[in-house]
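To start, the structure under review is shown below, and the notes come after it.
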Amino acid sequence: MSYKVKFVDPVKNYNLIKDEIDNAYFEVMSKGDLILRGQLNSFENNLAEFVGTKYAVGVNSGYDALHLSVICAGLGPGDEVIVPAHTFVASVSAIVNAGATPVLVDVADDSNIDLDQIEDVITDKTRGIMPVHLNGLICDMECVMDIAERHNLMVIEDACQTLGGMFKGKRAGSWGLTGCWSFYPFKILGGYGDGGAITTNDKDVALLASRLRYNGEDRESGEYCGHGYTCLLDNLQAAFLDVKLKHLPDWIIRRRQIAGMYHAGLANVGDLSLPICDNPDVHHIYQNYVVRTRQREEMFDFLTENGVETLVHWRKPFYHHEALGLEDKGFPVTEAISNEVISLPLNVEMSDDEVEYVIDTVKKFFIK
Ligand SMILES: *Cc1c(COP(=O)(O)O)cnc(C)c1O
């Protein structure tokens, strides 16, 4: 299938910044700087500065950032960790693979964890909470931190979809013990393969994470401080991400502009509901432009036939996948979202004409 408007277009994006990316490549390749070198350091410093934390530790994926964070928070067997029922499976797998027990909570209509239901599931075993900032929309972190303080919970932010998002001017990923990032190609800061990072203000967490990502080794003494993993962010990937991070502030402005075009162009169309965020405390970065309709499958097919690539996150909630062994306690909002959501293309490579084409095609679907 060749699309008129792709969901993301890595080739177009590369051509926007080709000279800078090519220079970064030649710099790394001509020096043979492959593992734990200057480019990784530089990217970590720039990422920490952007997020507003003291430290950043590059790892191999968003999943690894979450998994190492759960371990660094000291959460393991016997501990319950609260996590939304509507998220990417990796949030939950990170908790399970660290030996802890995920406790699912339904989301609210904004697709983030329902703050009013969190305290209902707190038991004497609850030791952590993993708020997920979905689609570019940060949770009300003042409320999450307040609950966490009152119940003495570790907070691990799954911020993989919300790099640059803010609540009351404070960035996602700077509120909890750690913020977890993914540089999977479809993310707002997408690499050319897998990548991730942890941000934190805690020196011990930063040190432990930097050891765990590299076999548990203390790089100064060569001593193994525990059984670790191999999940470094590659130096070459870090060099590319460092280039892209410089463009991120402008790219966020453009994303918000495209979202504004969608808001205006798709208002009052059929039964479509739009991700309009009018809370002045929230800075939405529109990682995804997720609309809802009861005719989701028909709309998906119509847009595909007309050359518009869309994605559905997710048709089947992860807790319905039997092999994961998770209990479906009944999450009505997650179920409704799974039946109704569809994500329209929103990326910095798109032209205004392409945005208009998507708007026109969606309207045509509802008029026909
Ligand atoms: C992408 C994503 C992850 C996992 O990131 P990977 O880099 O693919 O491992 C985790 N949580 C959320 C919410 C994500 O969107």
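Quick notes
- Translational diffusion of the stretch 295-359, µm² s⁻¹ [Kirkwood Rh, Cα pairs; Stokes-Einstein; 20 °C; 1.002 mPa s]: 155 µm²/s
- Relative contact order of the chain, defined on C-alpha pairs under 8 angstrom at six or more residues apart (%): 22 percent
- Multiplying the residue separation of Ala336 and Asp278 by 0.36 nm and removing their Cα-Cα distance gives an extension gain of 18.6 nm.
- Rolling a 1.4 Å probe over the heavy atoms of the protein chains gives the stretch 10-243 an accessible area of 41 Å² per residue.
- Distance (nanometres) between label positions extended 7 Å along Cα→Cβ at Ile17 and Glu220: 3.4 nm
- With 31 Å as the limit on Cα-Cα distance, the pairs of Lys170/Lys363; Lys168/Lys246; Lys329/Lys363; Lys31/Lys187; Lys125/Lys203; Lys203/Lys246 that go past it are Lys170/Lys363; Lys329/Lys363.
- Difference of contour (0.36 nm per residue) and Cα-Cα distance, Asp146 to Lys125: 5.7 nm
- Taking only the alpha carbons of the stretch 40-197, we obtain Rg and Dmax values of 14.4, 43 Å in that order.
- Against the criterion of solvent-accessible heavy-atom surface with a 1.4 angstrom probe, Met261, Met350 sort, most first, into Met261, Met350.
- Calculated SAXS-style log₁₀ I(q)/I(0) at q = 0.19 Å⁻¹ - the stretch 105-231, Debye, Cα scatterers: -1.10
- Its residue count N sets the reference 2.2 N^0.38 Å, and the alpha-carbon radius of gyration of the stretch 248-367 equals 1.15 times that reference.
- Shape call, the stretch 169-208: gyration tensor on alpha carbons, a/c limit 1.5: oblate
- Placing a pseudo-label 7 Å from each Cα along the Cα-to-Cβ vector at Ile253 and Ser2 gives an inter-label distance of 3.5 nm.
- Mean separation of Cα contacts under 8 Å, 6 or more apart, over the residue count of the stretch 248-367: relative contact order %: 35 percent
- The chain: antiparallel DSSP beta bridges as a percent of all, rounded to 5: 60 percent
- Extents of the chain, largest first, come to 69, 55, 39 Å (Cα atoms, principal axes, whole angstrom).
- Label positions at Gln117 and Lys54, each projected 7 Å from the Cα along the C-beta direction, are separated by 3.7 nm.
- Once all protein chains are placed together, Arg127 keeps about 90 Å² accessible to a 1.4 angstrom probe.
- Stokes-Einstein D for the stretch 232-279, Kirkwood Rh over Cα pairs, 4 °C, 1.567 mPa s (µm²/s): 97 µm²/s
- Computed [θ] at 222 nm, deg cm²/dmol, the chain (DSSP H ≥ 4; -39,500 (n - 2.57); rounded to nearest 500): -12000 deg cm²/dmol
- For Lys244, solvent-accessible area (1.4 Å; no DNA, RNA or ligand), Å²: 20 Å²
- GluC sites (Glu not before Pro) restricted to the stretch 221-312 and DSSP loop, no more than 16 other C-beta within 10 Å: Glu223
- When the Cα positions of His320, Val282, Pro332 are compared along the charge dipole of the stretch 248-368, Pro332 comes out farthest toward the positive end, with charges on each C-beta of Lys, Arg, Asp and Glu.
- Span-rule helices in the chain, defined as complete DSSP H runs reaching 27 Å or more along the axis (Cα) with Kyte mean at least -1.0: 235-265
The values are calculated or read from the model by the stated rules, or taken from the named source; none is laboratory data. Bear in mind that the values here come from a model prediction, so they are computed numbers and not experimental data. Ideal geometry is used to build each Cβ from the backbone, glycine not excepted, and the neighbour counts take in all protein chains shown. Heavy atoms of the whole protein, side chains included, go into the accessibility calculation; ligands, DNA and RNA do not. Shrake-Rupley method; radii C 1.70, N 1.55, O 1.52, S 1.80 Å.
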